[in-house]
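The values are calculated or read from the model by the stated rules, or taken from the named source; none is laboratory data. Every value quoted in this text rests on a predicted model; they were computed, and no experiment measured them. Glycine gets a Cβ as well: all are built from the backbone with ideal geometry, and neighbour counts include every protein chain shown.
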Amino acid sequence: MQSDKDEICELVAKWMKATKEGDSDTVLSLMADDATFIVAGQPPFGKGAFASATNAQETGSMEIDGESEVLEITVAGEWAFMLSHLTVKVKSEGTPQMIRAGNTLTVLTKKNGRWLLYRDANLLVPVQESGDAT
């Protein structure tokens, strides 16, 4: 039997893989229906807005890749808190690659035996912009 921490790390790996593959259905299945995202410069937004934002990637005009290093997980019953360092690379046709990185604080909830993202606050900032194809 997997520990809660192992299950949460598996969720993160699944999320990153699905994001890279443009599989928004899988990403959306890893979050609670009332998930909320907090990012700099925008009001908090929910799962619906997140789903709408994935349309550009699904149409093939955007590639997203990244790495998530889990730094800490604290489990308290049906809730978990995760600190991680996230790097995201976004490449759109005709524009330089954008790289953003920083720390994230994620709250997860366990529903029907599955961990789901409930709240996500990220502090990603631009790292570099490159015209390279890498």
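Table: residues versus (1) part of a helix (DSSP H, G or I); (2) within 25 Å of GLY94 (Cβ to Cβ).
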| residue | (1), (2) |
| --- | --- |
| GLN2 | no, no |
| ILE8 | yes, no |
| ALA13 | yes, no |
| LYS17 | yes, no |
| ASP25 | yes, no |
| LEU28 | yes, no |
| ASP34 | no, no |
| PHE37 | no, no |
| ASP65 | no, yes |
Note to self: With surrounded by 18 or more Cβ atoms within 10 Å (Cβ to Cβ), of a type in the set (A, V, I, L, M, F, W, C) and either touching a residue at least 24 places away in the same chain (Cβ under 8 Å) or in contact with a Phe, Trp or Tyr (Cβ under 9 Å, 6 or more places away or on another chain) (or both) as the only criterion, which of ALA49, ALA35 stands out?
What the structure shows: ALA35
Notebook entry, point to check: So which residues in segment 89-122 are surrounded by 17 or more Cβ atoms within 10 Å (Cβ to Cβ) and under 16 Å from ILE38 (Cα atoms), if there are any at all?
Noted result: ARG100, ALA101, THR104, THR106, LEU108, LEU117, TYR118, ARG119, ASP120, ASN122
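Quick grid of which residues meet (1) touching a helix residue (DSSP H, G or I) at 6+ places or on another chain (Cβ under 6 Å); (2) more than 16 Å from CYS9 (Cβ to Cβ); (3) modelled with pLDDT under 95; (4) of a type in the set (Val, Ile, Thr):
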site	(1), (2), (3), (4)
ASN55	no, yes, yes, no
THR59	no, yes, yes, yes
ALA76	no, yes, no, no
SER84	no, no, no, no
VAL90	no, yes, yes, yes
GLU93	no, yes, yes, no
TRP115	yes, no, no, no
Next item on the list: Just give me the residues in segment 95-113 being closer than 14 Å to ILE8 by Cβ, assigned to a strand (DSSP E or B) and not β-branched (Val, Ile, Thr), in sequence order.
Entry: LEU105, LEU108, LYS110, LYS111
Check: What residue, among those in segment 1-24 that are touching a residue at least 60 places away in the same chain (Cβ under 8 Å) and among the acidic types (Asp, Glu), is surrounded by the most Cβ atoms within 10 Å (Cβ to Cβ)?
Finding: GLU7
